[in-house]
Amino acid sequence: MTRKIAVLTDSACDIPPELEKKYGIDILPFVITLDGVSYVERRDFGFDEFYQMLRAAQGVPSTAQVTAIQFCEQYCKYADEGYTDVLHVTINSTGSGTHDAAVLARQMLDEERPGHKLNIRLIDSHTYSYVYGGPLVEAARRLRNGAELGYVCSELEATFARQEIVLSAFSLKQMKKSGRISAAAAFAGELLGLRPIISLIDGVTRVEDKVRGDAAVPAAMLKLARKRMVCPEGEIRYMLGCTDIDNVKDLEKLCCKELGCAPEAIFKLGAAVASNTGPDAMAIVYPGAPRR
């Protein structure tokens with residue numbers, strides 16, 4: 001039997017539009033509300049435009065997850081169009097209700113399309129941004145080239161069980177509002193010029209260190225990443241994320257020098273993620289020891 005496989009995710013994946021189109025990945029958007037106005041991510045603004053909106057805003061943004069009804073409508077569309085399988089990867093379930101909405105949508109599909117034959121492989125990424133978007137692009141590429149769905153899902157889950165992030169932000173307003181750091185820590189940081197070095201693993205954030213001044217951030221980030229990095233077969237692999245390509249250049253140079261290789265990708269943080277980190281953030285993504 002010939003399989004017809006759809007690939008589905010949410011807009012927090014931060015997959016560039018050209019890769020979304022190239023591999024036929026369906027992306028359902030988050031809604032971002034900023035200063036009382038609601039916007040649809042990936043439709044109403046681009047990456048850089050949103051960062052400028054954040055800097056000019058009076059308040060901090062809020063995000064609305066993709067709903068179970070939206071996911072169910074998409075599942076119904078797949079069932080009606082003769083798809084046999086769906087690979088659906090969601091944003092980290094401990095930081096968003098999106099994964100739970102997808103679980104509910106899968107149950108709703110049984111009521112909306114009784115007797116349907118659609119096999120939905122639902123995977124919690126346990127992470128954010130292109131940290132799951134990148135592996136999903138690779139999964140979509142493999143599926144297009146004829147890889148077996150079960151194998152691709154196993155590889156994705158193995159990748160997500162290792163993914164770790166070291167993050168820092170030069171403005172702490174959004175991180176205070178999102179609860180990533182405490183109000184007291186944010187106040188002290190702004191007052192003293194301290195920058196937090198934060199680990200983000202399986203949706204749990206932890207302030208690992210604090211350094212004084214922006215110039216000290218790249219070395220402190222890399223120090224923590226190197227300490228935790230566990231590269232299978234000794235092959236160093238990492239990515240860099242940012243809201244400003246210019247801001248990440250020093251980090252890129254340092255990583256290339258110390259790790260001996262360039263990053264696999266440098267990606268921009270989309271609106272759903274930048275709403276929590278702020279418009280001036282950067283990250284190192286690397287494999288750690290397996291957690292599952």
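With the full set of protein chains in place, find how many percent of the accessible area of region 16-171 is carbon and sulfur; take the probe as 1.4 Å. Walk me through the numbers before you get to the answer.
Working: 3360 of 7010 Å².
Here carbon and sulfur together make up 48 percent of the probe-accessible area.
Heavy-atom accessible area per residue, the chain, 1.4 Å probe: how many Å²? Please report the intermediate quantities before stating the final value.
On the way: 13450 Å² over 292 residues.
In whole numbers, the chain has 46 Å² accessible per residue.
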Quiz prompt | Spin-label model distance (nm) - Arg55 vs Val37, 7 Å beyond Cα toward Cβ | solution = 1.7 nm
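So between Cys256 and Glu81, what do we pick up on full extension, going 0.36 nm a residue minus the alpha carbon distance?
Details: separation 175, 0.36 × 175 = 63.00 nm, distance 4.65 nm.
Length gained, Cys256 through Glu81: 58.3 nm.
Taking 1 over the mean of 1/r across every pair of different Cα atoms in region 71-141, what Kirkwood radius in Å do you get?
On the way: mean 1/r = 0.0783 Å⁻¹.
Radius from the Kirkwood sum: 12.8 Å.
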Practice problem: Roll a 1.4 angstrom probe over the protein heavy atoms and tell me the percent of accessible area of region 238-292 that is carbon or sulfur. | Solution: 50 percent
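Just to verify a number: FRET efficiency for Leu19 and Arg212, C-beta to C-beta distance, R0 = 41 Å, to 0.05?
Working: r = 38 Å, r/R0 = 0.94.
Step by step, r from the Cβ atoms, then E = 0.60.
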Practice problem: Would you mind calculating the gained length between Glu73 and Asp100 on full extension (0.36 nm times residue separation, minus the Cα-Cα distance), in nm to one decimal? | Solution: 8.2 nm
Practice problem: Take the alpha carbon atoms of region 193-233, find their center, do the same for region 104-159, and report the distance between the two centers in whole angstrom. | Solution: 30 Å
Exercise. Could you work out which residue, out of Gly97, Gly260, Gly24, moves most in a Gaussian network model of the chain, that is, has the largest mean-square fluctuation with Cα springs under 10 Å?
Key: Gly260
Exercise. Please sort 236-248, 48-60, 128-140, 72-84 by packing, taking for each peptide the average over its residues of neighbouring beta carbons within 10 angstrom, highest first.
Key: 128-140, 236-248, 72-84, 48-60
Exercise. Mind giving me the FRET efficiency for Ala64 and Asp26? R0 is 25 Å, r the Cβ-Cβ distance, nearest 0.05 is fine.
Key: 0.85
Quiz item: Counting alpha carbon pairs within less than 8 Å and at least 6 residues apart, what relative contact order, in whole percent, applies to region 42-180?
Solution: 23 percent
Self-check item: Extension gain (nm, one decimal) between Arg237 and Val204, 0.36 nm per residue minus Cα-Cα
Solution: 9.7 nm
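For the chain, what value does the Rg/Rh ratio take when both radii are computed over Cα atoms and Rh is the Kirkwood radius, given to two decimals? It would help to have the intermediate numbers written out before the result.
Details: Rg = 19.3 Å, Rh = 19.7 Å.
Here Rg/Rh amounts to 0.98.
The values are calculated or read from the model by the stated rules, or taken from the named source; none is laboratory data. Bear in mind the structure is a predicted one, so any value in this text is a computation, not a measurement. Every residue, glycine among them, receives a Cβ derived from its backbone with ideal geometry; neighbour counts consider all protein chains shown. We work out accessible area using only protein heavy atoms, side chains counted, and drop any ligands, DNA or RNA first. Shrake-Rupley method; radii C 1.70, N 1.55, O 1.52, S 1.80 Å.
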